[in-house]
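Q: Pasting a structure below so you can have a look.
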Amino acid sequence: MDSTKLDTQNKVAPGKGDIITGTGQLHAYMAAGCKPPADWRIGTEHEKFIFDPDGFKPVAYDGPKGIGALLDGLVRFGWAPVLEGGNVIALTKPDGSSVTLEPGGQLELSGAPVETIHQTCAELTGHLKQVKKITGEMGTGVMGIGYAPTWDIGDISWMPKGRYKIMRDYMTKRGSLGHHMMLATCTVQVNLDFSDEARMVEMYRAALALQPLATALWANSPFKGGAKNGFASYRSHIWTDTDPDRCGMLPFVFEDGFGFERYVEYILDVPMYFVYRDGAYIDASGQSFRDFMDAKLPALPGEVPTIKDWEDHMTTVFPEVRLKQFLEMRGTDGGPWGNLCALPAFWVGLLYDDDALAAASDLIGDWTFEEMEALRSAVPQSALRTKFRGGTVQDMALEVLAMAKGGLARRARPDGKSADETGFLDPLFEIAQSGVTPADEILALYDGAWNGDVTPVFEKLSY
């Protein structure tokens, strides 16, 4: 039997330090993410803006109100600091959770892998309470929105992380909005497991096709530069002009034969950003990982990559749904507290339950990729009002939310008070039934009580 197939079937993952000698190791690495349903977990990621209430300005890394001071303050809650160049750039805990920095100082919680929505929501709530405690002492604020509503990106400080300088310099060569993505956007995401390659494929296809629906439900970035920007989710629109090599809807996911091997080929063809060696990032922007495997990388001639290099490279692709050894749902804006817990509930209900996934797969089964692309292009502007197949995305939202609710009900995961996880979907049903997205709500305030002033949004969307 071919050794690559043997490794894939047994899900034997190569170690991080192993030298990559062929693509078979990469296929095995991907397949090693497969887990029996009893071991499936939920990991929620959540970004937010830190701002100075005195003028509603962004904060830099340094200084008494800076991001560095915030990270230092969070250490008291049991977080261990991670340093780069003498600066604290992340915090970690043994449970696998971490706090990291996006390029413009957006603070991100990457939650631990947990079993229920109750647990992931409790973790998120505890984290926000910790952040509010420290920012309250510092005199700064925390808000949830998809795009910085009043800031010029020239006024936002870059965080002291080596990989961001390389990305910053390269992104302007591939699109016009890459710096906006890096400096001025916030999202909420969830990471989910799969049992085998076939399940991964079915989950990926449903999640990718329905990602625009999630974008519509969570749309919450209608302002730029202190005025309307013409979009419900400007954050989502930004990804359409960031880097075509590493963003988008991925048509091959819907082609016959899609699986781990096809995804590996896609990642191999995405131009590199960097290689990490001895505590420093080496600029390899635009270079080929395939050349790296052949010891022909210009940035490191004669060297070959390890599995850790592969893991780093995989983090530099940004499709609407990203595959690692789990699936990442990437289509939604940051926003109100309750909407953060609703995201894992939505996708878990839809993708972890067999009946709900089958229903979602049936719904999208005859969609063409052209229809999916058109939906992806239109939703950032018109959200739930987007027309699709004789109806609207609002109509679709009600149908899909019912599937997700059924999935959560069948999971029947109580919180100790006999409540299952379906209640976390309540904010989404309210949005879908009313047709009023978070973006619509703050736009109405802007046109009404706020008298054309965007700055009240900082108080409205503060945690």
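Q: Can you confirm whether the stretch 232-250 contains a residue that is buried (at least 18 other Cβ atoms within 10 Å of the Cβ), assigned to a helix (DSSP H, G or I), at pLDDT 95 or above and of a type in the set (S, T, N, Q)?
A: Within the stretch 232-250, one or more residues are buried (at least 18 other Cβ atoms within 10 Å of the Cβ), assigned to a helix (DSSP H, G or I), at pLDDT 95 or above and of a type in the set (S, T, N, Q).
Q: Now for a different question. Collect the residues in the stretch 285-302 that are touching a strand residue (DSSP E or B) at 6+ places or on another chain (Cβ under 8 Å) and either more than 30 Å from Arg235 (Cβ to Cβ) or loosely packed, with under 15 Cβ neighbours inside 10 Å (or both), keeping them in residue-number order. It would help to see each step written out before you state the result.
A: Keep residues of the stretch 285-302 that are touching a strand residue (DSSP E or B) at 6+ places or on another chain (Cβ under 8 Å), which gives 285, 292, 297, 299-300.
If the condition is that a residue be touching a strand residue (DSSP E or B) at 6+ places or on another chain (Cβ under 8 Å) and either more than 30 Å from Arg235 (Cβ to Cβ) or loosely packed, with under 15 Cβ neighbours inside 10 Å (or both), then Phe292, Leu297, Ala299, Leu300 are the ones that fit.
Q: Continuing with this model, one more query. Can you name the residue in the stretch 410-438 that is among the aliphatic types (A, V, I, L, M) and loosely packed, with under 15 Cβ neighbours inside 10 Å and, of all such residues, is modelled with the highest pLDDT?
A: Within the stretch 410-438, the subset among the aliphatic types (A, V, I, L, M) is 412, 419, 425, 428, 431-432, 436.
Among the residues that remain, those that are also loosely packed, with under 15 Cβ neighbours inside 10 Å are: 412, 419.
Values: Ala412: 95, Ala419: 89.
The selected residue is Ala412.
Q: Limited to the stretch 77-89, what total is found for residues that are free of Cβ contacts under 8 Å to residues at least 12 places away in the same chain and within 22 Å of Glu137 (Cβ to Cβ)?
A: 1
Q: While we're looking at this one, here's another question. Considering only residues that are outside any loop (DSSP other than H, G, I, E, B) and touching a residue at least 60 places away in the same chain (Cβ under 8 Å), which ones fall in the stretch 99-111? Full working, then the answer.
A: We begin by selecting, within the stretch 99-111, every residue outside any loop (DSSP other than H, G, I, E, B); these are 99-101, 107-110.
Leu101, Leu107, Glu108, Leu109, Ser110, listed by residue number.
Q: Might you check whether a residue that is surrounded by fewer than 16 Cβ atoms within 10 Å (Cβ to Cβ), out of contact with any helix residue (DSSP H, G or I) (no Cβ under 8 Å at 6 or more places or on another chain) and not acidic (Asp, Glu) occurs anywhere in the stretch 262-279?
A: yes
Q: Could you please give the count of residues in the stretch 409-460 that are out of contact with any Lys or Arg (no Cβ under 8 Å at 6 or more places or on another chain), assigned to a loop (DSSP other than H, G, I, E, B) and under 19 Å from Leu213 (Cβ atoms)?
A: The qualifying residues number 2.
Q: Scan the stretch 254-271 and tell me whether some residue there is more than 22 Å from the chain's Cα centre (by Cα), among the acidic types (Asp, Glu) and not in a helix (DSSP H, G or I).
A: Yes - at least one qualifying residue is present in the stretch 254-271.
Q: Looking for something assigned to a loop (DSSP other than H, G, I, E, B) and touching a residue at least 12 places away in the same chain (Cβ under 8 Å) - is there at least one such residue anywhere in the stretch 201-216?
A: So in the stretch 201-216, the residues assigned to a loop (DSSP other than H, G, I, E, B) come out as none.
No: the stretch 201-216 contains no residue that is assigned to a loop (DSSP other than H, G, I, E, B) and touching a residue at least 12 places away in the same chain (Cβ under 8 Å).
The values are calculated or read from the model by the stated rules, or taken from the named source; none is laboratory data. Keep in mind the model is a prediction, meaning the values are calculated, not measured. Note: ideal-geometry Cβ built from the backbone for every residue, glycine included; neighbour counts use all protein chains shown.
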